[in-house]
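The values are calculated or read from the model by the stated rules, or taken from the named source; none is laboratory data. In this text the structure is predicted, and so the values were computed from the model without any measurement. With ideal geometry, Cβ positions are generated from the backbone for all residues, glycine too; neighbour counts draw on all protein chains shown.
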Amino acid sequence: MGEKGHMILRRPRRLRQNKAVRALVQETHISVEDFIYPLFIMEGEGDPEAIPSMPDVKRHTISSLVSECEESFALGIRAVALFPVVPVERKDDRGTEALNPDCLILRAVRRLKSALPELVVVADVALDPYTSSGHDGVLNEQGTDVDNDATVDILAKMSVVQAEAGVDWVAPSDMMDGRVKAIRKALDSAGHSHVSIMAYSAKYASAFYGPFREAVGSQQASGQSYLDKKTYQLNPANIRESMIEASLDIEEGADILMVKPAGAYLDILCRLREKTKLPLAAYQVSGEYAQIHAAAQQGWLDLQAVRDESLLAIKRAGADLILTYFAKDVARELG
Ligand code: PBG
């Protein structure tokens, strides 16, 4: 204590005084094992295609997907989530293509699993890439709403064809009622009890999905004012509603729960962390990625610093796993 200094007993700044001490008392760490890397796939051979609203993210052909996954796996990324860009002529009212064992995503899964058997391959279970409406399910006869139970029947079948192709984790992102139970039952009866369900439990009706919908071409649904995804995705104003969804997914047999988007929903993640012992995933979605890039392109934010802070915040709030388009960039730097 200096002559004129104060007698202060507790000085928290002592543990912030240099890099070494700060590292020793750091509570949260990001590691490459945290990541699930979302990837887009399209038909065709040859070069991947750029997605304007998602800098550095590509629509891959199956062969460029395999090389991207080989590089990512070598950097320590253990899991990828695949999203198909389905050609318009293969879309219809029922999302029939989702059950075609030879559809794009299933061809990609088979190629990937034979090239990288240890890579955990995750596939979305929802009909939005396959329906002409862009909705996650089939519409009722009047076209006024998504028909929950008819959709659940298709989703259960869809998860079985995905498991047959070699998918390790199915990720229902459709938000239909009762889907986790139906999927678990269908998987088990078809002999796929080893396939895990990562349930999008708290998936909000968010405007942050914009760039993704452009990337996969499912934007039709957001443009219909009479019927948007708000009849199935959660109201961004609600907390308790997501706790109910999570309880149902737990009861129905989910192995991992997910919160989506991540950044604007850290309170949900934090509350779910207190509620369940199951692993929790959070999806840093396309709009979160796009806004960081856009501000960085303007020179308004530091890309790497904001990226790392955003991921750390998601982990700190309670996520064990993070789906992020930044996965490979960060893995490269961590390595
Ligand atoms: C489809 C699905 C969506 C995303 C993941 N799965 C979009 C939607 O619900 O319209 C969004 C992911 C992102 O924005 O990065 N069910």
Is one or more of the residues making up the stretch 282-292 crowded, with 24+ Cβ neighbours inside 10 Å, in a strand (DSSP E or B) and not aromatic (Phe, Trp, Tyr)?
-> yes
Selection count, the stretch 296-335, where residues are in a loop (DSSP other than H, G, I, E, B) and either acidic (Asp, Glu) or within 16 Å of the ligand (Cβ to nearest atom) (or both) = 5
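Which of the following residues is farther than 19 Å from Arg307 by Cβ and not polar (S, T, N, Q): Phe35, Phe40? Write out each step before concluding.
Details: Phe35 fails: farther than 19 Å from Arg307 by Cβ.
Result: Phe40 is the single residue among Phe35, Phe40 that is farther than 19 Å from Arg307 by Cβ and not polar (S, T, N, Q).
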Look through the stretch 108-148, keep the residues that are assigned to a strand (DSSP E or B) and not acidic (Asp, Glu), and return whichever of them is nearest to Ser159 (Cα to Cα).
-> Val125
Within the stretch 65-89, work out how many residues are closer than 17 Å to Ser31 by Cβ, away from the ligand (no atom under 16 Å from the Cβ) and not in a helix (DSSP H, G or I).
-> 4
Filtering the stretch 72-112 down to residues that are touching a strand residue (DSSP E or B) at 6+ places or on another chain (Cβ under 6 Å) and on the phi > 0 side of the Ramachandran plot yields Gly95
Taking Ile105 as meeting all but one of (1) more than 12 Å from the ligand (Cβ to nearest atom); (2) closer than 19 Å to Pro48 by Cα; (3) in a strand (DSSP E or B); (4) not aromatic (Phe, Trp, Tyr), write down the number of the exception.
-> (3)
Residue in the stretch 182-201 that is surrounded by the fewest Cβ atoms within 10 Å (Cβ to Cβ), counting only those that are of a type in the set (A, V, I, L, M) and more than 13 Å from the ligand (Cβ to nearest atom) = Ala190
Considering the stretch 39-63 alone, what residues qualify as being closer than 22 Å to Ala294 by Cα and either within 17 Å of the chain's Cα centre (by Cα) or among the charged types (D, E, K, R) (or both)?
-> Leu39, Phe40, Glu49, Met54, Asp56, Val57, Lys58, Arg59
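Search the stretch 216-259 for residues being modelled with pLDDT under 90 and assigned to a helix (DSSP H, G or I), and hand back the single one that is nearest to Val146 (Cα to Cα).
Looking only at the stretch 216-259, we keep the residues that are modelled with pLDDT under 90, and these are 216-228.
This time we only want the ones that are assigned to a helix (DSSP H, G or I), so: 216, 219-223.
Values: Val216: 20, Gln219: 16, Gln220: 14, Ala221: 11, Ser222: 14, Gly223: 16 Å.
Among them, the one singled out is Ala221.
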Among (1) assigned to a loop (DSSP other than H, G, I, E, B); (2) away from the ligand (no atom under 16 Å from the Cβ); (3) not β-branched (Val, Ile, Thr) - the single one Leu266 does not satisfy | (1)
Could you figure out which of (1) within 13 Å of the ligand (Cβ to nearest atom); (2) small (Gly, Ala, Ser); (3) surrounded by 14 or more Cβ atoms within 10 Å (Cβ to Cβ); (4) under 16 Å from the mean Cα position of the chain (by Cα) isn't true of Ala207?
-> (3)
In the stretch 18-51, which residues are surrounded by fewer than 11 Cβ atoms within 10 Å (Cβ to Cβ) and assigned to a helix (DSSP H, G or I)?
-> Lys19, Ala20, Ala23, Leu24
If you take the residues of the stretch 182-206 that are touching a residue at least 40 places away in the same chain (Cβ under 8 Å) and basic (Lys, Arg), which of them is farthest from Arg107 (Cα to Cα)?
-> Lys203
Criterion (more than 11 Å from the ligand (Cβ to nearest atom) and of a type in the set (A, V, I, L, M)) met by exactly one of Met158, Met175, Met258 | Met158
Before we move on, is Asp149 away from the ligand (no atom under 16 Å from the Cβ), closer than 27 Å to Lys230 by Cα and either out of contact with any strand residue (DSSP E or B) (no Cβ under 9 Å at 6 or more places or on another chain) or not aromatic (Phe, Trp, Tyr) (or both)?
-> yes
Taking the condition in contact with a Pro (Cβ under 7 Å, 6 or more places away or on another chain), in contact (Cβ under 8 Å) with a residue 60 or more places away in the chain and of a type in the set (A, V, I, L, M, F, W, C), does Ile256 pass?
-> yes
Please specify each residue of the stretch 110-146 satisfying the condition of being away from the ligand (no atom under 16 Å from the Cβ) and among the acidic types (Asp, Glu).
-> Glu118, Glu141, Asp145
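Can you tell me which of Ala123, Ala163 is under 30 Å from Arg273 (Cα atoms), within 15 Å of the chain's Cα centre (by Cα) and of a type outside the set (Val, Ile, Thr)?
Testing whether each residue is under 30 Å from Arg273 (Cα atoms), within 15 Å of the chain's Cα centre (by Cα) and of a type outside the set (Val, Ile, Thr) leaves just Ala123.
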Residues in the stretch 137-181 that are surrounded by fewer than 16 Cβ atoms within 10 Å (Cβ to Cβ), small (Gly, Ala, Ser) and touching a residue at least 60 places away in the same chain (Cβ under 8 Å) total 2
